[in-house]
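For reference, the structure discussed in these notes is given below.
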Amino acid sequence: MKKLSGFLLGLSLVFGTVSLASAQERSEVVHVPPTVLVISREFVKPGKSGAVHDRSESAFVRAMASAKSPTTYLGLNSVSGKPRALFLVGYDSFAAWEKDQQDTAKNPTLSAALDRAAEADGQLLDSYDQSAWIYRPDQSLNQTGDLVGVRYFEIESFRLKPGHEADWEAAVKLVKDAYSKAMPDAHWAMYENVFGLGSPAYLVITPRKSASEIDAGFQQGPKFMAAMGTDGMKKLGELSAAAIESTETNLFTINPRQSYMTGYLVKADPDFWRPKSAPAAAPKKDKPEAKP
């Protein structure tokens, strides 16, 4: 199990309004984390990921694009851990999530297309689940920014021991104070689970433009420890041990072929978000028969 100090080194989660758009149109200049974050997980069968899954997911993207849906989503593929894909959608509220579901149900063409895509995609999956998370501004720091140029997400989830939410909040406060002193430009957003898990849980996602940022995150450790001090690190260790039941960290890569994105983010990084299809292989020509 990692200590909370290790988990929060170098955090910089920012969900821009363009990357996880709600049904309501927002400003393309101001970026804020969505209040509600819905995450769908698809555990892919061995040998069914990569281009095979890309082709299956493209049916969902085409259906959303044909319907000109205002609700975009971000697709991620696992680099570590069990093979799986994550699909992230942000909303202003649970009421907005409900409205999105109702609007889809009222569109028979879109509903039918999504049903066909889901039936075909299901043949590639071992299992599927969905969870909903709510943004915790009190446990977040300097949470403005966007996802232009981001290629990876480092995702760490925390399961808490029931009844130890106060220990968790005290630990997060210690970390926030230390970062404010040592690295005032640090920023992250914290999400708390509302639906889908059986125990108190929190989620942090760190966007990375390259893997070198992971190395840089570890290099910030001494600054953080110096700001915490010996007594602070001891207290943080005690609070973490009391509050955290388990934690898991995995690395994911953004897959533009499995994402439905529009607006500012696509305009700012078109080569990434609108990748050209690979040219089809040229048909093989039959060799002429040898003359006797």
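Only the coordinates and a few stated rules stand behind these numbers; no lab work does. Because the structure is predicted, anything quoted here is derived from the model rather than measured. No Cβ is skipped: glycine too gets one built from the backbone with ideal geometry, and neighbour counts run over all protein chains shown.
Greater than 28 Å separation of Cα atoms is the criterion. Which listed pairs, 68/267; 82/176; 176/209; 181/235, meet it?
On the way: 68/267 17 Å; 82/176 32 Å; 176/209 23 Å; 181/235 18 Å.
From the list (68/267; 82/176; 176/209; 181/235), the Cα-Cα distance tops 28 Å for 82/176.
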(request) Please compute the net charge surrounding residue 108, taking Lys and Arg as +1 and Asp and Glu as -1 over other residues with Cβ under 14 Å from its Cβ. (result) 0
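Once the mean 1/r over all distinct Cα pairs of segment 4-262 is inverted, what Kirkwood radius in angstroms do you read off? It would help to have the intermediate numbers written out before the result.
Details: mean 1/r = 0.0518 Å⁻¹.
Evaluated over segment 4-262, this radius sits at 19.3 Å.
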(request) Pick out, from 87, 252, 200, the residue whose Cα sits farthest towards the positive end of the charge dipole of segment 4-262, with +1 on the Cβ of Lys and Arg and -1 on the Cβ of Asp and Glu. (result) 252
(message) If I take every Cα pair under 8 Å that is 6 or more residues apart in segment 35-142, average their sequence separation and divide by the length, what percent do I get for the relative contact order?
(response) 50 percent
